Amino acid sequence: MYQISLEKVVQIERLNNLNTEQQNAFDRSFKDHRTKASEMQVFSSFVKKLSSEISKQTSTVKKIETKEDIKREELFERVKAKTIVEKLQNKFREEFRKEVEHKEQLLTDSLNQRIEIKQS
C-alpha cells in the first residue's frame, strides 16, 4: 500500500510539472506578439506533445488510484476478517472458561455431597 501511495505521489508530481510546463509555454507564446509562422508551428507541435504527455500521465495516475482503491479494499477485508477471527477466538475462550467453571462446580458439589454423607 505504501509503495502504491508513493508511486501515486511521484506520478501526480510529474503530472503537475507537465501542466506547469504547458502553462508556462502558453504564457511565453502570448508575451511576444511578433511570433513567426514557423515558430508557431514549433510551438503548436510542442504543445500537442505536452498535451499528449499530460493525457498519458493522467491515465497513469488514474490506474494508480484504481490500484490504490483495490489495495485499500483488500486491506479493509483482511482487517475485517481478522476482527471476526479474534471475536470468535474470544467467544470460544469464554465458552471454554464457563465450561471449565461449570465442571469445577459440579466436582465441588459432588465432593461436598460425599463429605456430608461421610459425616452423617
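The values are calculated or read from the model by the stated rules, or taken from the named source; none is laboratory data. Bear in mind the structure is a predicted one, so any value in this text is a computation, not a measurement. Reconstructed Cβ throughout: ideal geometry from the backbone, glycine too, with neighbour counts over all protein chains shown.
Given the options Ser44, Ser51, name the one that is among the hydroxyl-bearing types (Ser, Thr, Tyr), in contact (Cβ under 8 Å) with a residue 24 or more places away in the chain and exposed (fewer than 14 other Cβ atoms within 10 Å of the Cβ).
Ser51
Could you tell me how many of the residues in the stretch 65-75 are in contact (Cβ under 8 Å) with a residue 12 or more places away in the chain and either touching a strand residue (DSSP E or B) at 6+ places or on another chain (Cβ under 9 Å) or under 11 Å from Met1 (Cβ atoms) (or both)?
So the answer is 5.
State which residue is farthest from Asp69 (Cα to Cα) when the search covers only the stretch 2-43 and only residues that are modelled with pLDDT under 75 and among the aliphatic types (A, V, I, L, M).
Ala37
Results for (1) in a helix (DSSP H, G or I); (2) more than 30 Å from Leu18 (Cβ to Cβ); (3) of a type in the set (Phe, Trp, Tyr); (4) under 20 Å from the mean Cα position of the chain (by Cα), shown as yes or no for each residue.
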| position | (1), (2), (3), (4) |
| --- | --- |
| Lys62 | yes, no, no, yes |
| Ile70 | yes, no, no, yes |
| Glu74 | yes, yes, no, yes |
| Arg78 | yes, yes, no, yes |
| Ala81 | yes, yes, no, yes |
| Leu88 | yes, yes, no, no |
| Lys91 | yes, yes, no, no |
| Leu106 | yes, yes, no, no |
| Gln113 | yes, yes, no, no |
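Condition check ((1) touching a Phe, Trp or Tyr at 6+ places or on another chain (Cβ under 8 Å); (2) surrounded by 10 or more Cβ atoms within 10 Å (Cβ to Cβ); (3) without any contact (Cβ under 8 Å) to a residue 60 or more places away in the chain; (4) of a type in the set (Val, Ile, Thr)) across all residues:
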residue: Lys56; (1), (2), (3), (4): no, yes, yes, no
residue: Thr60; (1), (2), (3), (4): no, yes, yes, yes
residue: Glu77; (1), (2), (3), (4): no, yes, yes, no
residue: Ile84; (1), (2), (3), (4): no, yes, yes, yes
residue: Lys98; (1), (2), (3), (4): no, yes, yes, no
residue: Glu116; (1), (2), (3), (4): no, no, yes, no
residue: Gln119; (1), (2), (3), (4): no, no, yes, no
